[in-house]
Amino acid sequence: VKGNFSEPLLQEMQGALKREEQIILFQNRRGFAPMVECHDCAWVPKCRQCDVSLTYHKRDNRLVCHYCGYSCEVPHICPACLQPAIEVRGFGTERIEDLIKEYFPQARVARMDLDTTRSRLNYEQILHDFQQGETDILVGTQMVTKGLDFDRVSVVGILNADTMLNQPDFRSYERAFQMMAQVAGRAGRRNQQGLVILQTRDVESPVVRQVVENDYESLFREQMQERELFNFPPHCRLIYVYVKHRDEHVVEKLSHELAAIMRQVFAHRVMGPDTPFVSRVQLMYIRKVVLKMELSAPMNEARERLLQIQRYLLSQP
């Protein structure tokens, strides 16, 4: 693999460019690199307001939080070990665009993500140029998956399927299949057969096989069996109750109190409190309590009970 591109993908892209056909590359992460890190001590810059690492944007030469918009300059010296060992890690759409220009300097490359489509005019201009054949290679996030229809696209590259598959959510396989199937559908429209190259480190993953074989029924069967086993939708209804506060001790204490009162009403149906994957956004600490309700349960009554619990807790000092 050269800079996130496998040899077969580079060869197919070269062939498509020679035939004057177009290429779409899908990378579901914007920015230049997902993170920067100190090579010596592994320090990673985090957002001051959210519990996430900052993403490096080369064009502005800044580190940006994709949750709250906080940004800062890139440090030249690591604040933890005081060594000049800061390096970029990973690949965002901006970095993919730069690498493509190195590999194919004659190709006309465009990028389509939240950073390049701030206005509707920008969005429409990128699509218009690609439609008119003024762009050879379009690099983008999930924006490029949404129902776009181009006659001359013959190669689609899904650059890293693993980031979609490894989300901490019971719907991650379903959503990954949906997104990959959508982006694969951009290749070979109308009268010609297209080629989709899916890059993954986990070739044994059932979802990767199902996407390659376009086997939606197999995905559906496996997901339904798994969800029945662990009692997830559509076998139940999920209600998420979030507690947010600027003081972590308050949110921790209140979330446990909330869960205890909910258990008095809903018994074994209550799970948590739990700390979410991103546990702080815009200076607010977050805890989550999950309520699993039977499909036959009266939801209006459950909602009223939850509102009563909320009113009671908010009335406390």
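Just so you know, all these numbers are worked out from the coordinates, no wet-lab data involved. Everything numeric in this text was worked out from a predicted model, so none of it was measured. Neighbour counts are summed over all protein chains in view; Cβ atoms, including those assigned to glycine, are modelled from backbone coordinates with ideal geometry.
In the range 83-92 there is at least one residue matching the filter, namely being in contact (Cβ under 8 Å) with a residue 60 or more places away in the chain, under 20 Å from N4 (Cα atoms), surrounded by 14 or more Cβ atoms within 10 Å (Cβ to Cβ) and out of contact with any Ser or Thr (no Cβ under 7 Å at 6 or more places or on another chain).
Residues checked against (1) in a loop (DSSP other than H, G, I, E, B); (2) polar (S, T, N, Q); (3) more than 23 Å from the chain's Cα centre (by Cα):
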| site | (1), (2), (3) |
| --- | --- |
| N28 | yes, yes, no |
| E37 | no, no, no |
| R59 | yes, no, no |
| I100 | no, no, no |
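Consider the range 2-20 and keep the residues that are more than 22 Å from the chain's Cα centre (by Cα) and surrounded by 20 or more Cβ atoms within 10 Å (Cβ to Cβ). The one that is farthest from V64 (Cα to Cα) is A16. Residues in the range 59-82 that are in contact (Cβ under 8 Å) with a residue 24 or more places away in the chain and closer than 30 Å to Y285 by Cβ: L63, V64, H66, Y67, C68, C72, V74, P75, C78, P79, A80, C81.
State the number of residues belonging to the range 32-55 that are closer than 16 Å to E87 by Cα and in contact with a Leu (Cβ under 6 Å, 6 or more places away or on another chain).
Going through the range 32-55, the residues closer than 16 Å to E87 by Cα turn out to be 32-46, 53-55.
Retained after the next criterion (residues that are in contact with a Leu (Cβ under 6 Å, 6 or more places away or on another chain)): 45, 54.
Looking only at that region, the number is 2.
Under the condition of being assigned to a loop (DSSP other than H, G, I, E, B) and either over 26 Å from the mean Cα position of the chain (by Cα) or on the phi < 0 side of the Ramachandran plot (or both), which residue from the range 222-254 is surrounded by the fewest Cβ atoms within 10 Å (Cβ to Cβ)? Checking each candidate, the answer is P234.
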